[in-house]
């Protein structure tokens, strides 16, 4: 009799467990209250139709009828690198990502592979950049209706446009300009074009920064060789300029001295010259003075 009672109790407990497993999810979905965290907003939809925007705080929905999709209004970072798996924005659990591309989701931030392209003169270059953006809160309902979720916005607009524009703009610049310091012009051009597309799709571009322009080893070696040759030519030109300068200095000095002697000769009185000659005389008379039949002097000492 006791065994029968014990078996009956186990049976009842099992049935109760099954009921709880089936009912609890329904009770959770039937909860009319939901909270929206700071830095996010919720889009409430009813049977697929967008109804309203839910602001941060405690909100109410119709259980089992209305659904809430969340969007971040904080700044989001999308970056490209050679090894995105080492980025803090890379999600190790790829199964949670909706993306079929290389872009991986980590919270609200995204990491992707570098953009490979070519320059105006055909040099291959790999571009590593960081893009910071945010979703325009005033356009979130439009985004939800026209584009989709936050992840779909990142994939369809941010990733697609950032990679396309950065690749195409690089083809407008020669390799030497991108390598030697024209990156700021490149950045400004990319940001200008992205702003146009982003604004049309409810995305606010905060900043586009190029972290690295990586060229092939062969091109870098050619640049180094060219730079060494240019430095050698500059050195030789400098030495030649120095020699020419010294030559001109000597000519100027000689011309100056000659002019000084000429001026001195023209300005000094003959009597002064005679006086200067007497002052320099050592008292010894010459033994002979020639010219025009003059009488020779005889030294009688």
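Here, each number is a calculation from the coordinates, and none is a lab measurement. Not measured: the values here are computed from a predicted model. Backbone-built Cβ (ideal geometry, glycine too); neighbour counts: all protein chains shown.
Overview of results
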| read-out | value |
| --- | --- |
| Prolate/oblate/rounded label for segment 108-170 (Cα gyration tensor, a/c 1.5) | prolate |
| Order of 109, 206 under a 10 Å beta carbon neighbour criterion, fewest first | 206, 109 |
| Percent of Cα pairs exceeding the 12 Å cut-off, where the set is segment 31-71 | 51 |
| Net lengthening on full extension, residue 184/residue 55 (0.36 nm per residue, minus Cα-Cα) | 42.6 nm |
| Potential lengthening between residue 248 and residue 261 on full extension [0.36 nm per residue; Cα-Cα distance subtracted] | 2.7 nm |
| Sequence-separation-based contact order of segment 31-71, relative, with Cα cut under 8 Å and 6+ spacing, percent | 48 |
| Residue order, fewest to most beta carbons within 10 Å, for 70, 14 | 14, 70 |
| Ranked list, fewest to most other Cβ atoms within 10 Å of each Cβ, for 197, 80 | 197, 80 |
